[in-house]
């Protein structure tokens, strides 16, 4: 009767155990619920972080494209005056060589500055003809299959800035004879 001398009966002990088990079950259920909410919040946070990173990448790509277009516009605006300067030098070569030399230096400085802005020359002898970059002004027949479609002569150099073609190269190309 040790149990009775403490003043605790078996039914009281069972009630306490049942209450403790019930409290543990409630706490375990709360832990499961809170872990589920934490996973949901973590997933939403990761999704928002990924969306922010994707938006930043898209904005950087758009900014780079706008920058390339802006540089292309600058180069295109300066290109014709620089080409006119180059054309103006040609007649001076025989008449005033010193003046032609000075203007040639200025032309070279302009040309270097335009290259710094991304201007690229297109149309090189031996290069494969590309209708998106070159304008064939004439063709010459060839018997060599390796020369078919290659640039034989450049009449006037072409220029592009990034992906923007400013002026196509005017070229003479080789065409395989169809004997």
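Where a number appears in this text, it was derived from the coordinates with a stated rule and is not lab data. In this text the structure is predicted, and so the values were computed from the model without any measurement. Quick reminder, even Gly has a Cβ in these numbers, built from the backbone with ideal geometry, and neighbours come from all protein chains shown.
Points to keep in mind about this one:
- Computed over the stretch 1-117, the ratio Rg/Rh where both radii use C-alpha atoms and Rh is Kirkwood: 1.84
- Full extension of the chain segment joining residue 105 with residue 124 gains 4.5 nm, where the gain is 0.36 nm per residue of separation less the Cα-Cα distance.
- Between residue 29 and residue 50, the FRET efficiency from the beta-carbon distance, with R0 = 35 Å, is close to 0.65.
- Shape analysis of the stretch 20-79 yields a ratio of the Cα radius of gyration to the Kirkwood radius, Rg/Rh, of 1.63.
- C-alpha long axis of helix 97-116 to longest principal axis of the chain, angle in °: 20 degrees
- Three semi-axes describe the equivalent ellipsoid of the stretch 60-178; taken as square roots of 5 times the Cα gyration tensor eigenvalues and ordered largest first, they are 29, 24, 9 Å.
- Between helix 10-95 and the chain there is an angle of about 10 degrees, using the helix long axis and the longest principal axis of the Cα atoms.
- Full-extension gain in nm, residue 177 to residue 157, via 0.36 nm per residue minus C-alpha separation: 4.5 nm
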